[in-house]
Amino acid sequence: MNLPYAEPYRIKMIEEIRQSTKEEREEWLKKANFNLFNLKSSQVFIDLLTDSGTGAMSDKQWGALMTGDESYAGSRSFEALHNTVQKITGFPYLLPTHQGRAAENVLFSVLVKEDDVIPGNSHFDTTKGHIEIRKAHAIDCTIDEAFDIKNLHPFKGNIDLEKLEKVYQTYPKDKIPFCLITITCNTSGGQPVSIKNIKEVKELSDRYGIPIYFDSARYAENAYFIKRREEGQQHRSIKEICREIFSYGEGMTMSSKKDGLVNIGGFIALNNEEVFQKASNFTIIYEGFITYGGLAGRDMSALSVGLDEATELEYLESRISQVEYLGNKLMEFGIPVQKPIGGHAVFIDALKFLPNVPREEFPAQTLGLELYKEAGIRGVEIGTLLADRDPETRENRYPKLELLRLAIPRRTYTNNHMDYIAVALKNVFERRNEITKGYQITWEPEILRHFTVKLKEA
Ligand code: F0G
């Protein structure tokens, strides 16, 4: 008999979490204006709002915290981080930032101007926000297969080369500062991009003189899928695959809160000295001096260790298997999920799960609220609320998929928690025909509305 997989670590410290009653949860939801971001963490039993900054650090990372160097300039912690980033990515220039969107802010301050277009594979919402706030446009060139949840394409994060070439032919070169490849592609379900696709995008972009940048929040998980699924990649180490991925880019932004295995942090890594110098000025204005960028020395030390751990096969194997374990359970119950199961989360198709809730009443949000009421589990809507309004027409943008994302924090929950989540969803699924009403907006901000929107029952 084959041995089952088991986590390559054991638990040294625990944190108490508490269950609540359905009545309490219904009351708390009203007070939270039916926005799960407004709940207190003490009101949540299993928190799947995000995998960002919510993972558990290792004893080696906690150890590194204690030896962090808090010098304002040129600290040992920066040096350690710089060496690790260079080893993993090959990029010679590093600018730390306080998180991923800060890296976007700094880099886009250099590269993006009004009326530019930035093609890519389903840009993440903060990324799109940083593009649109500069009156530029993000153009989604993801392959069509990504929007069919049943399609088993192994690399649903891939960029459609025809769509991309059309962008390159439609707009002049000086309006396209770069093509952005997000690895893995969060918005379309934590789906990976193949090395073949990255290479082809690079070749096509070279012909038009457009550089490639990576949004690399979950690059190690992407490399794991390449190793497991792509022809000819099985014998390579994760670190080798990462080096090849980044060799096709001019630079990257990183949210270290994901595959950096830390609770806060980000960075920009670059090839080009001129871009680095310009970005250094923006780092100083927005983040801090260029050798700390809004982070404590100890944060950089822990990140340096975390980046190394996150690019080890044993860790990734256990991480991705856990997400898959939950996905498989849901599939056994007949629950419609995005397939194949993504790297950091299970995405549930709310339009199929709750066919009786009208699109204008936010079915994915409704499903998230039902799951919370059922069992104290907090997921997040990746649908119409997240998609915001069109900046020109101010109409709702209805994305192709209306999803509830259950993001699994790294090294945090056990498979007993996964079983609990699966049964909770099954219970909601069994009463799905009784759920016919969703929610209406009572207040919303101009952009990035899903964080602070206020809702009422429809
Ligand atoms: N890029 C991607 C692909 C992301 O998923 C995120 C964050 C960011 C950039 C921004 O990084 O949060 O450090 O500022 N995603 C989180 C999530 C918030 O829940 O998916 P950040």
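The values are calculated or read from the model by the stated rules, or taken from the named source; none is laboratory data. None of the values given here were measured: they were computed from a predicted structure. Cβ: placed from backbone, ideal geometry, glycine included. Neighbour counts: every protein chain shown.
Of Pro177, Pro172, Pro154, which residue is of a type outside the set (Asp, Glu), touching a helix residue (DSSP H, G or I) at 6+ places or on another chain (Cβ under 6 Å) and under 23 Å from Lys113 (Cα atoms)? Spell out the reasoning first.
Details: Pro172 fails: touching a helix residue (DSSP H, G or I) at 6+ places or on another chain (Cβ under 6 Å); Pro154 fails: under 23 Å from Lys113 (Cα atoms).
Exactly one residue qualifies, and that residue is Pro177.
Going by the structure shown, is Val337 within 16 Å of the ligand (Cβ to nearest atom), within 19 Å of the chain's Cα centre (by Cα) and among the aliphatic types (A, V, I, L, M)? Reasoning before the result, please.
Working: within 16 Å of the ligand (Cβ to nearest atom): no; within 19 Å of the chain's Cα centre (by Cα): yes; among the aliphatic types (A, V, I, L, M): yes.
The answer is no for Val337.
Can you name the residue in the stretch 333-359 that is part of a helix (DSSP H, G or I) and touching a Lys or Arg at 6+ places or on another chain (Cβ under 9 Å) and is also nearest to Ser216 (Cα to Cα) among such residues?
Pass one, the stretch 333-359, residues part of a helix (DSSP H, G or I): 350-353, 359.
This time we only want the ones that are touching a Lys or Arg at 6+ places or on another chain (Cβ under 9 Å), so: 351, 353.
Values: Leu351: 29, Phe353: 31 Å.
Ranking the candidates gives Leu351 first.
Considering the stretch 7-49 alone, what residues qualify as being crowded, with 20+ Cβ neighbours inside 10 Å and assigned to a loop (DSSP other than H, G, I, E, B)?
Those that are crowded, with 20+ Cβ neighbours inside 10 Å and assigned to a loop (DSSP other than H, G, I, E, B): Phe34, Asn35, Val44, Leu48, Leu49.
Taking the criterion of being in contact with a Pro (Cβ under 6 Å, 6 or more places away or on another chain) and either aliphatic (A, V, I, L, M) or modelled with pLDDT of 95 or more (or both), would at least one residue in the stretch 270-289 satisfy it? Lay out the reasoning, then the answer.
First, pick out the residues of the stretch 270-289 that are in contact with a Pro (Cβ under 6 Å, 6 or more places away or on another chain): none.
No.
Would you please list the contacts, defined by Cβ atoms under 8 Å and residues six or more apart or on different chains, that run from a residue in the stretch 154-165 that is within 23 Å of Ala217 (Cα to Cα) to a residue that is surrounded by fewer than 16 Cβ atoms within 10 Å (Cβ to Cβ) and of a type in the set (Lys, Arg)?
Note: pairs meeting the criteria are Pro154/Arg229; Phe155/Arg229.
Confirm whether Ile348 is within 28 Å of Lys437 (Cβ to Cβ), within 16 Å of the ligand (Cβ to nearest atom), at pLDDT below 95 and crowded, with 18+ Cβ neighbours inside 10 Å. Reasoning before the result, please.
Working: within 28 Å of Lys437 (Cβ to Cβ): yes; within 16 Å of the ligand (Cβ to nearest atom): yes; at pLDDT below 95: no; crowded, with 18+ Cβ neighbours inside 10 Å: yes.
No; evaluated as a whole, the condition is false for this residue.
Looking at (1) in contact (Cβ under 8 Å) with a residue 40 or more places away in the chain; (2) assigned to a helix (DSSP H, G or I); (3) surrounded by fewer than 21 Cβ atoms within 10 Å (Cβ to Cβ), which one does Arg319 not meet, given that it meets all the others?
Only one criterion in (1) in contact (Cβ under 8 Å) with a residue 40 or more places away in the chain; (2) assigned to a helix (DSSP H, G or I); (3) surrounded by fewer than 21 Cβ atoms within 10 Å (Cβ to Cβ) is unmet by Arg319, namely (3).
For Leu448, indicate whether it is at positive phi and either surrounded by 23 or more Cβ atoms within 10 Å (Cβ to Cβ) or within 15 Å of the ligand (Cβ to nearest atom) (or both).
Details: at positive phi: yes; either surrounded by 23 or more Cβ atoms within 10 Å (Cβ to Cβ) or within 15 Å of the ligand (Cβ to nearest atom) (or both): yes.
So Leu448 fits the description; yes.
Six or more apart or on different chains, Cβ under 9 Å: which pairs go from a residue in the stretch 66-85 that's free of Cβ contacts under 8 Å to residues at least 60 places away in the same chain and assigned to a helix (DSSP H, G or I) to one that's of a type in the set (D, E, K, R) and surrounded by 12 or more Cβ atoms within 10 Å (Cβ to Cβ)? Could you list them?
Correct list of pairs: Glu79/Asp69.
Could you go through the stretch 256-263 and let me know if any residue there is on the phi > 0 side of the Ramachandran plot and either in contact (Cβ under 8 Å) with a residue 60 or more places away in the chain or within 16 Å of the ligand (Cβ to nearest atom) (or both).
We begin by selecting, within the stretch 256-263, every residue on the phi > 0 side of the Ramachandran plot; these are 261.
Next, from what is left, pick out any that are either in contact (Cβ under 8 Å) with a residue 60 or more places away in the chain or within 16 Å of the ligand (Cβ to nearest atom) (or both): 261.
Within the stretch 256-263, one or more residues are on the phi > 0 side of the Ramachandran plot and either in contact (Cβ under 8 Å) with a residue 60 or more places away in the chain or within 16 Å of the ligand (Cβ to nearest atom) (or both).
Give the residue, chosen from Asp206, Asp174, Asp215, Asp160, that is within 15 Å of the ligand (Cβ to nearest atom) and among the acidic types (Asp, Glu).
Working: Asp206 fails: within 15 Å of the ligand (Cβ to nearest atom); Asp174 fails: within 15 Å of the ligand (Cβ to nearest atom); Asp160 fails: within 15 Å of the ligand (Cβ to nearest atom).
Result of the check over Asp206, Asp174, Asp215, Asp160: Asp215.
Do you know which residues across the stretch 130-155 are in contact with a strand residue (DSSP E or B) (Cβ under 8 Å, 6 or more places away or on another chain) and either assigned to a helix (DSSP H, G or I) or aliphatic (A, V, I, L, M) (or both)? First the steps, then the outcome.
Initial filter on the stretch 130-155 (in contact with a strand residue (DSSP E or B) (Cβ under 8 Å, 6 or more places away or on another chain)): 131-132, 136-143, 146, 149, 155.
Across the stretch 130-155, the qualifying residues are Ile131, Glu132, Ala136, Ala138, Ile139, Ile143, Ala146, Ile149.
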